[in-house]
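*Asks:* The structure that follows is given in the form of structure tokens.
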Protein chains: 2
Amino acid sequence: MAIDRIIRVDMTTGDVSEARAPEAYALLGGRALTSRMLLEETDARIHPLSEAAKLFIAPGLLAGTAVTTSGRTSFGFKSPLTGGTKEANVGGQLGHRLARLGIKAIVVSGASPDGWKRLDIDGKGARLSGADDLAGRSNYDLHRELVGEALRTRAAATIGPAGEHRMSSASVAVTDPEGRPTRHAARGGPGAVMGAKGLKAIVVDDAEGVRTVPGENAKEFKGEVVKFSKMVLDDPRVHNTSRYGTAGVIKFVNRDNVLSMPTRNHREGSWEHADSISGQVIEELGKERGGKMLPCMAGCIIKCAILYNDEHGEHVTTALEFETIALLGSNLEIGPADAVAELDRLCDDIGLDTIEVGNAIGVAMEAGVLAWGDWEGTKRLLDEDVRGGTPLGRIIGGGTAHVAATYGIDRVPVVKGQGLPAWEPRTLKGMGITYSSSPQGADHTAGMVTARGATPDTLVKQSRQEQLTMMAVDSVGVCQFTNALPGDMAAFISERFGEPLSEDELLTLSREAIETEREFNRRAGFDREDDRLPQWLRDEPLPMPDGPSTFDIEDALIDEVWG
Amino acid sequence: MAIDRIIRVDMTTGDVSEARAPEAYALLGGRALTSRMLLEETDARIHPLSEAAKLFIAPGLLAGTAVTTSGRTSFGFKSPLTGGTKEANVGGQLGHRLARLGIKAIVVSGASPDGWKRLDIDGKGARLSGADDLAGRSNYDLHRELVGEALRTRAAATIGPAGEHRMSSASVAVTDPEGRPTRHAARGGPGAVMGAKGLKAIVVDDAEGVRTVPGENAKEFKGEVVKFSKMVLDDPRVHNTSRYGTAGVIKFVNRDNVLSMPTRNHREGSWEHADSISGQVIEELGKERGGKMLPCMAGCIIKCAILYNDEHGEHVTTALEFETIALLGSNLEIGPADAVAELDRLCDDIGLDTIEVGNAIGVAMEAGVLAWGDWEGTKRLLDEDVRGGTPLGRIIGGGTAHVAATYGIDRVPVVKGQGLPAWEPRTLKGMGITYSSSPQGADHTAGMVTARGATPDTLVKQSRQEQLTMMAVDSVGVCQFTNALPGDMAAFISERFGEPLSEDELLTLSREAIETEREFNRRAGFDREDDRLPQWLRDEPLPMPDGPSTFDIEDALIDEVWG
């Protein structure tokens, strides 16, 4: 079955049209597709929030199929946070639904001249209509209304108040299998771009779509699906993720020979109260309160999403991730888990990237705007200021570098303007190589390299390899926690489309896609100097058992990643 | 007489030292010197507000002499506003005093670990001391205390609250001949850099300095001085400036075939109430109120500074410049002159670049933060919010692009992050070439090209020539309103230093200095894409009599300015 409809929505005129994807896009999906279309269809020098900007939404190449976790969706745009190319990747129920309606991509252009709009897509087509009744509303409320009880056929992608305010840390919330807005295309400000277009919500109903997209070589494809699921379930790394979610790593990264638990605006790498926010503690609390591990989309067999209830058994959040816990927890010296879970819910509700906002508040604490560990103050900051769009809220919502510029703070944890993930580049130097050289800015999902003790040359090679693998992962649309390798993905694509694709050919496609992103950045004015970590990560050491550790990979080696 | 002392102040250790300037700096002064030292002594990638950043202060090559207007001073630094090289040039009493003490440059490095400091320089040397008693105080109050009645020997350079808040639009205020803080090294945030170092004030007393610095060829130099003064006084352009100040151009630029009076965040080029803020009206008011035209430094024969009194004859401000009137007046739809004069005084008192802040408030008005023409609101914004460092005040103080990022506004009047001067690049396209290609960002003083009707090629040549001339002007330290030509300046340098320098050699030095600034920017990550006006100036036309006019000079031509 061909998934080749490209829906185009011109917010300026209100026109909605549709066309077949060109043949050249046949083997492009997800990130590879959105990055390619961004480069081809927009001038890299436009303002990211201007009418000339576009938002590209594309499920991966395997979307709609029975491949586990394959419903991930890419949001591509010029980032108001970095000023460069951006792909924000999200799980949830959106990707499969789009694919099952045969939709390869949605392209939103222009800007509504007359108030807020919603886009409804189902078996009958795509329709744009007024949505001023949705204005000002937050994500939990929105998804309850837009998806309601239709959990088996509907998914929404919405912006909360942060996106309406066009904040650079605004996310797009995507419905999870329980109908909640807990999955976010978060990084780089997709919510701001959607907000600038005047698009409050996209609602997709695939009741009239196919049930499952088959492979062209149906039998072989099915064989690959079964083999892959077995591989995933047999992987001990997955067992850990399935039990504790990503929060399972906290015990490990907080140790004094890893120091990857950012504390006090990345000043330390270990927090004395880290136990109070660890995956193990969360598991224990869950046993008492009816917590459980859930899939973020139908068909996922990993189930890393922590459903977190409060002490009365009431739902608080379903995406208490390691990054969220680290940036909104230890980095701000906030705990225990209950406190962080509430902040996470607020971010989901308002529509915010937790990594960016955690970094932003860390810098605000450094500036003395509020005290380290001030949970009540942080809640107010999110719930009142950011939600309400007060001046202080807009400062925070503008992201990490924005807060630093506002308060004249020189210790800014960003690369290419994007806030640093928890994985610490001074001790896990391969992460620093990825943060520096990825066209996406500081992004741990761009290529995880957590090896320690390897030579710089080896780390450069690993970072390149992982970045190419992650480009493939984000383009076929599976979850990185499957630990899918290029060979696995090449096999899937071969059987899905009925044309043999080797592992090398897949990696060549990945390399081309990375170059597409780098070319956009070049046109937007980026050069080698943008492929750098901030200087303070080279100057301020973390105390490792074998001596103080800074990020000390030479610039020339960073430049070798992409040659 | 050799002016070759370089005073170095390490704010971290409190050390003050001094050394002879190297021979290589012999013919470098003012901007050429600060830009060169910035490149040689700092890593272009440091944060502009970090301890590793430096602030360079240097009078021009002719400082201390009898050459009219020759006491201008350069403040060089990495700009927190643009992220690139920056020279902010200022008149007032500072430059001559430094030169008469034999001081070629002051270099401030490090950052005070223990509160605010002041630097006192006189015939006995330079001393750093605690100044917590000055903290929080504004410029009028400060200069009254620091200079007091010693008008003939003292000058101060201070930061107001904006600099203490490390705002990117913060200026350094320099004493005028009446002891007031009305001359500002304003552009690009020198006040923020000084604030980040913990240096609240520099006080220079030249009572024990020489009276006038002579030329090596004393007689020939004196001859050049007399000839130059006569040339300046005979120039009809100077007559206009001496009578109306820079405000004299308003009647001209507001016309429908110039459209260079920015209105409503540069949306229009002519304001219906421009008469109420024109130089002619200000002259009339001055006659009734005891207004007068003053020199900004002793020995200036042009006297372009408008002393502006209120209706009771009380002093309001002494630097009501065209740029200030345009950006804080028509651009915000604020008038009449009394209203703008009060805003100007507030900016001088708080320590703010009026061009940057006028643009910033224009964008804030576009975002709906306050209404067009809301003078009371604008006063409150400056006097309470910016002065007090409230969140809203910090948003405004962060500058034009910062306000735009905060509110998600895509119509941002900046080049290289710096707010657009009044001179309109869509109708005076040569100005657009200068704004684009100057290493300083949008800066009208970097090279005025107001010719209309010339071909793009001619405008490129004129911009290059004017930029080289202005580099020379800013390096010898005279005022641009003398209309000094390279030949005049080469003659002065030859007789001042007793070694012949041709006009071509002077222009070669200028070219080298421009390349020095461009090299710093390159190292800081700038490339050709930074040499561009914002896209909306190419898209949004102004209505000229012969048809709509946009900025339409091709990128390739812009790149030809520096080849």
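*Asks:* Conditions: (1) in a helix (DSSP H, G or I); (2) over 20 Å from the mean Cα position of the chain (by Cα). B:Leu501 meets all but one. Number of the miss?
*Replies:* (1)
*Asks:* Given the options A:Gln440, A:Gln462, A:Gln480, A:Gln467, name the one that is more than 30 Å from A:Pro543 (Cα to Cα), at pLDDT 95 or above and not charged (D, E, K, R).
*Replies:* Going through A:Gln440, A:Gln462, A:Gln480, A:Gln467 in turn, just one is more than 30 Å from A:Pro543 (Cα to Cα), at pLDDT 95 or above and not charged (D, E, K, R): A:Gln480.
*Asks:* If you don't mind, another one. Any idea which of B:Thr482, B:Thr469, B:Thr516, B:Thr445 is among the β-branched types (Val, Ile, Thr) and either under 25 Å from A:Gly525 (Cα atoms) or over 24 Å from the mean Cα position of the chain (by Cα) (or both)?
*Replies:* Testing whether each residue is among the β-branched types (Val, Ile, Thr) and either under 25 Å from A:Gly525 (Cα atoms) or over 24 Å from the mean Cα position of the chain (by Cα) (or both) leaves just B:Thr516.
*Asks:* Residues in segment A:333-360 that are open to solvent by 20 Å² or more (accessible area, probe 1.4 Å) and of a type in the set (Asp, Glu): how many?
*Replies:* Looking only at that region, the number is 4.
*Asks:* Out of all the residues in segment B:471-483, which are in contact with a helix residue (DSSP H, G or I) (Cβ under 6 Å, 6 or more places away or on another chain) and either open to solvent by 10 Å² or more (accessible area, probe 1.4 Å) or not hydrophobic (A, V, I, L, M, F, W, C) (or both)?
*Replies:* Once the filter is applied, which keeps residues that are in contact with a helix residue (DSSP H, G or I) (Cβ under 6 Å, 6 or more places away or on another chain) and either open to solvent by 10 Å² or more (accessible area, probe 1.4 Å) or not hydrophobic (A, V, I, L, M, F, W, C) (or both), segment B:471-483 yields B:Asp474, B:Ser475, B:Gly477, B:Gln480, B:Phe481, B:Thr482.
*Asks:* Which of the residues spanning segment A:396-408 are part of a helix (DSSP H, G or I) and under 22 Å from the mean Cα position of the chain (by Cα)?
*Replies:* A:Ile396, A:Gly397, A:Thr400, A:Ala401, A:His402, A:Val403
*Asks:* Could you tell me whether segment B:412-431 includes any residue that is touching a His at 6+ places or on another chain (Cβ under 8 Å), free of Cβ contacts under 8 Å to residues at least 24 places away in the same chain and open to solvent by 10 Å² or more (accessible area, probe 1.4 Å)?
*Replies:* No, the conditions are met nowhere in segment B:412-431.
*Asks:* Within the set of pairs 6+ apart or on separate chains, which have a first residue in segment B:249-268 that is in a helix (DSSP H, G or I), a second that is among the aromatic types (Phe, Trp, Tyr), and C-beta atoms under 9 Å apart?
*Replies:* B:Val249/B:Phe322; B:Ile250/B:Tyr244; B:Ile250/B:Phe322; B:Lys251/B:Tyr244; B:Val253/B:Phe322; B:Val253/B:Trp423
*Asks:* Further, regarding this structure: Taking the criterion of being in a loop (DSSP other than H, G, I, E, B), touching a Ser or Thr at 6+ places or on another chain (Cβ under 7 Å) and open to solvent by 10 Å² or more (accessible area, probe 1.4 Å), would at least one residue in segment A:320-327 satisfy it?
*Replies:* yes
*Asks:* Now for a different question. Of the residues that make up segment B:283-294, is at least one outside any helix (DSSP H, G or I), touching a residue at least 24 places away in the same chain (Cβ under 8 Å), closer than 23 Å to B:Thr317 by Cβ and out of contact with any helix residue (DSSP H, G or I) (no Cβ under 9 Å at 6 or more places or on another chain)?
*Replies:* Looking for residues that are outside any helix (DSSP H, G or I), touching a residue at least 24 places away in the same chain (Cβ under 8 Å), closer than 23 Å to B:Thr317 by Cβ and out of contact with any helix residue (DSSP H, G or I) (no Cβ under 9 Å at 6 or more places or on another chain), one finds at least one in segment B:283-294, hence yes.
*Asks:* Same structure, new question: Take segment A:404-423 and flag every residue that is facing another protein chain (nearest Cβ under 8 Å) and among the aromatic types (Phe, Trp, Tyr).
*Replies:* Correct list: A:Tyr407 only.
*Asks:* Which members of segment B:479-524 meet the condition of being hydrophobic (A, V, I, L, M, F, W, C) and within 14 Å of chain A (Cβ to nearest Cβ)?
*Replies:* B:Phe520, B:Ala524
*Asks:* Among A:Gly83, A:Gly30, which is on the phi > 0 side of the Ramachandran plot, within 14 Å of chain B (Cβ to nearest Cβ), modelled with pLDDT of 95 or more and within 19 Å of the chain's Cα centre (by Cα)?
*Replies:* A:Gly83
*Asks:* Based on what the data block shows, is A:Ala442 in contact with a Pro (Cβ under 8 Å, 6 or more places away or on another chain), of a type outside the set (D, E, K, R) and in a loop (DSSP other than H, G, I, E, B)?
*Replies:* Here the answer is yes, as A:Ala442 does meet what is asked.
*Asks:* So which residues in segment A:432-458 are open to solvent by 10 Å² or more (accessible area, probe 1.4 Å), within 17 Å of A:Ala88 (Cα to Cα) and hydroxyl-bearing (Ser, Thr, Tyr)?
*Replies:* Listed by number, the list holds a single entry, A:Thr445.
*Asks:* Something else about it: Here's a check for you: in segment A:33-80, which residue that is open to solvent by 10 Å² or more (accessible area, probe 1.4 Å) and hydrophobic (A, V, I, L, M, F, W, C) is farthest from the other protein chains (Cβ to nearest Cβ)?
*Replies:* A:Ala66
*Asks:* Further question: Just wondering, is there one or more residues in segment A:134-142 that are in contact with a helix residue (DSSP H, G or I) (Cβ under 7 Å, 6 or more places away or on another chain), within 14 Å of chain B (Cβ to nearest Cβ) and among the hydroxyl-bearing types (Ser, Thr, Tyr)?
*Replies:* Looking through segment A:134-142, none of the residues is in contact with a helix residue (DSSP H, G or I) (Cβ under 7 Å, 6 or more places away or on another chain), within 14 Å of chain B (Cβ to nearest Cβ) and among the hydroxyl-bearing types (Ser, Thr, Tyr).
*Asks:* Out of all the residues in segment A:94-107, is one or more within 15 Å of the chain's Cα centre (by Cα), open to solvent by less than 20 Å² (accessible area, probe 1.4 Å) and away from every other protein chain (no Cβ under 14 Å)?
*Replies:* There is at least one residue in segment A:94-107 that is within 15 Å of the chain's Cα centre (by Cα), open to solvent by less than 20 Å² (accessible area, probe 1.4 Å) and away from every other protein chain (no Cβ under 14 Å).
*Asks:* Right, next: Can you give me the number of residues within segment A:286-313 that are farther than 24 Å from A:Ala66 by Cβ and either open to solvent by 40 Å² or more (accessible area, probe 1.4 Å) or of a type in the set (D, E, K, R) (or both)?
*Replies:* Looking only at that region, the number is 7.
*Asks:* Report, by residue number, each residue of segment B:547-563 that is charged (D, E, K, R) and either assigned to a helix (DSSP H, G or I) or without any contact (Cβ under 8 Å) to a residue 12 or more places away in the chain (or both).
*Replies:* Those that are charged (D, E, K, R) and either assigned to a helix (DSSP H, G or I) or without any contact (Cβ under 8 Å) to a residue 12 or more places away in the chain (or both): B:Asp555, B:Asp559, B:Glu560.
*Asks:* Mind listing whichever residues of segment B:479-488 are more than 16 Å from B:Met448 (Cα to Cα) and touching a residue at least 24 places away in the same chain (Cβ under 8 Å)?
*Replies:* B:Asp488
*Asks:* If you don't mind, there's one more thing I want to ask. In the list B:Ile553, B:Ile558, which residue meets the criterion of being away from chain A (no Cβ under 14 Å), aliphatic (A, V, I, L, M), touching a helix residue (DSSP H, G or I) at 6+ places or on another chain (Cβ under 8 Å) and open to solvent by less than 20 Å² (accessible area, probe 1.4 Å)?
*Replies:* B:Ile553
*Asks:* Considering each residue of segment B:373-403, count those that are over 22 Å from A:Leu370 (Cβ atoms), surrounded by 24 or more Cβ atoms within 10 Å (Cβ to Cβ) and either within 11 Å of another protein chain (Cβ to nearest Cβ) or in contact with a Leu (Cβ under 7 Å, 6 or more places away or on another chain) (or both), and give that number.
*Replies:* The number of residues fulfilling the criteria is 6.
The values are calculated or read from the model by the stated rules, or taken from the named source; none is laboratory data. These numbers come from a predicted model, not from an experiment. Every residue, glycine as well, gets a Cβ built from its backbone with ideal geometry; the counts of neighbours run over all protein chains shown. Ligands, DNA and RNA are stripped out before the accessible areas are found, and what is left, the full protein with its side chains, is counted by its heavy atoms. Shrake-Rupley method; radii C 1.70, N 1.55, O 1.52, S 1.80 Å.
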